[in-house]
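Notes follow the structure.
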Amino acid sequence: MNDYRKFAIGQITSRKRKYFLGICALLLVGVIGVLIFCTNIFRNNKSETANSTSNQNSGSAILESETLAAKKQIVCLDPGHGGSDTGATYGKISESDINLTVALKVKAILGDLGYQIYMTRSDDSFVAKRARAAYCNSVNADILVSIHHNSYETDHTVDYDTALYYKDSDQLLASSLLNSTSAELNIKDQGIAKFDNSLLWIAKMPAALSESFFITNKGEYSSLISNSSTRLSDEAKGIATGIVNYFVNPEQIKTLVSQDSLIIDRTDLGD
Ligand SMILES: [Zn+2]
C-alpha cells in the first residue's frame, strides 16, 4: 500500500469515527431529552396526585362535618313542671305553660334539621323528675335539655340567663345553651352553675337545665303577655342553636362558670 492510499484509508477511518461520534452524541442528547421529558411527566403526575389527594382530604373533611351535622342525634327535651306542678307563677304566667311552649318550638326547629326528638311530656300533665330522666335514658338520648324559667318574687328587676349542670360532662352542653340563648335574647349571661338535681344526676347522658330569663321581671312579664312578643320564639331559636352547636361546633363553645351566688327560687326540689 502506498502512502497515498494509507492516507486515504486514514481519512476514511477518521471520517467514520467522526460520524460514529456524531451519532453517539445525537443519541446521547436524545436519551437525555427523553429522560428530562419523562422526569417532568413523573413530577407533574406526582403533583397532580398530591393535589387530588389534598382535594380528597378537604372533601372528606367537609363530608365528615356534613355527616356529623346530618347525623340524627337523639335529643330528649324536658319541659319542666306540668299538671299539678305549675313551677313558678307570676300574674297570668305559669312557668309550666311557657316551658312547654318553648319545648314544642325547639322540637319543631330541630325536627326540621333531622334530629330525633323525644319529649318527657307533650301536654299539661305531671311527670316526676326521676321518671323524666329514666325516660330519656330508656330512649338512649345523646343529650337531655330541660327547659325552665327563673323567678324571684321579691325583686322584679332581677333578670339574667343561666344554665345548670351537675356532672362534669354536662358543662359543655350547659355552656352551649347559655351562649346562644343569652345572645338570642340579648340578656346578661350569668355563667353556668352546678345544681344538685335528680333529673341531672339520673340522666346518663350530658344534661342541662336552661333558665333563660326571669318571668318575675317586669320587662319580661310585659313582653310575655303581649300578643306580639317573639320572646319565646327567640328563646327556642337560642336553645336549638345551642344544641346544634354542641354537636357541630363544640370547640367554639365558651364556658363561664358563675362566680356569683345564683338565685334559684324553685318549688320542685322535692322529687
Ligand atoms: Zn322550673
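None of the figures in this text is laboratory data; all of them are computed from the coordinates on show. Owing to the predicted nature of the structure, the values given are computational and were not obtained by experimental measurement. Ideal geometry is used to build each Cβ from the backbone, glycine not excepted, and the neighbour counts take in all protein chains shown.
Amide H to amide H, with H built 1.01 Å from N, residue 213 comes under 5 Å of 150, counting only residues 5 or more places away or on other chains. Computed from backbone phi, the HN-Hα couplings of the range 168-176 come to 4, 6, 8, 4, 5, 5, 4, 5, 5 Hz, rounded to whole numbers (Karplus: 6.51 cos²θ - 1.76 cosθ + 1.60, θ = phi - 60°; Gly and Pro given as x).
Quick check: net charge around residue 237, other residues with Cβ under 15 Å of its Cβ, Lys/Arg +1 and Asp/Glu -1?
Numbers: positive: 105, 107, 231; negative: 112, 161, 184, 234, 235.
Combined, the nearby Lys, Arg, Asp and Glu give -2.
Going down the list 92/254; 188/218; 167/218, which pairs span over 24 Å between their C-alpha atoms?
Numbers: 92/254 36 Å; 188/218 16 Å; 167/218 33 Å.
From 92/254; 188/218; 167/218, over 24 Å: 92/254; 167/218.
Dipole of the range 154-211 computed with +1 at Lys/Arg Cβ and -1 at Asp/Glu Cβ about the Cα centre; of 157, 180, 199, farthest Cα towards the positive end is 199.
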